[in-house]
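> I'd like to ask some things about the structure below.
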Amino acid sequence: MENDNQSTVTKEYINLIGKLPSVIKSSIVFSDNEISEIHVLADTRRSPKQIVRDIQSAMMVQFGVSVDHKLISVAQIPGENDLQLKNRLIFDEISISKNKDHSTATVVLCDGETSYKGEASGLNDKMEVYKMVCRSTLKAVENFINSDILLSPADVKVFDLVGQKAVAVCIAVKFKDSVEHFVGCSFIGDDAGTAVVKATLDALNRRIANT
């Protein structure tokens, strides 16, 4: 009977852990009816520290069980929803057309064989144009990844850095079960539009931990 109870408890723990963001699969080892090891296979959307913290919180809230972080090991592999664009998508072309009130930006990215185009329109305000370029870039990226991931520009800022103008973008990325934010930046140089494209790609090529 004791083994049956432990088996039921193990399944409940594993089911809970399996619902947490990034977790693909998990297993639990008991010693003297106490958790001695938790092994987790996860994708790379969240840092191991975040995953461990999620497991500790979920176990405490759901079952009143305190788990030492040293008992939790996390192995990570790229998941189907991971954005891994580095060395795959490169900036190819940008064009911006304007009329009296509105602008339209077209951005073309390339993976070496195929081109992916994104287009967006907006008002002629400078910051609106920057966001428009960011949206165009994200649409091109969405055409590339061709999945359920949704991308949206959360914010675009221009700032001074070591005597030069730079642009930073924050991208909201909606996966099936969560929304995460990524940040990228680029010096503006002679072409602000190109800088926004590069900052957008930089954001998607990096992992920013939400701590």
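> Using +1 at the C-beta of Lys and Arg and -1 at the C-beta of Asp and Glu, which of Ala199, Thr44, Val23 has the Cα lying farthest in the positive direction of the dipole of the chain?
Projecting each Cα onto the dipole axis, the largest value belongs to Ala199.
> Sticking with this structure for a sec: State to the nearest 20 debye the size of the charge dipole of the chain about its Cα centre, where the only charges are +1 on K and R beta carbons and -1 on D and E beta carbons.
On the way: 24 positive and 28 negative charges, 117 e Å.
Around 560 debye, computed over the chain.
> Arrange the peptides 130-140, 8-18 so that the one whose residues have, on average, the most other Cβ atoms within 10 Å appears first. It would help to have the intermediate numbers written out before the result.
Values: 130-140: 26.1, 8-18: 15.0.
Highest mean packing first, the order is 130-140, 8-18.
> Grab the DSSP H runs of the chain that are 4 residues or longer, score each as -39,500 (n - 2.57), total them, divide by all residues and round the 222 nm result to the nearest 500 deg cm²/dmol. Working shown, then result.
Working: 4 runs with 66 residues, N = 211.
Roughly -10500 deg cm²/dmol at 222 nm, from the helical runs in the chain.
> List every DSSP H helix in the chain whose Cα atoms extend 15 Å or more along the helix's own long axis and whose mean Kyte-Doolittle hydropathy is at least -0.5.
Details: long enough: 2-18 (24 Å, -0.90); 48-63 (22 Å, 0.06); 126-145 (29 Å, 0.12); 192-204 (18 Å, 1.08).
Qualifying helices, which must be both long enough and hydrophobic enough, are 48-63, 126-145, 192-204.
Values in this text are rule-based calculations from the coordinates and carry no lab data. What you see is a predicted model; the values in this text were computed from it and never measured. Cβ sites come from the backbone with ideal geometry, for glycine too, and all protein chains shown count toward neighbours.
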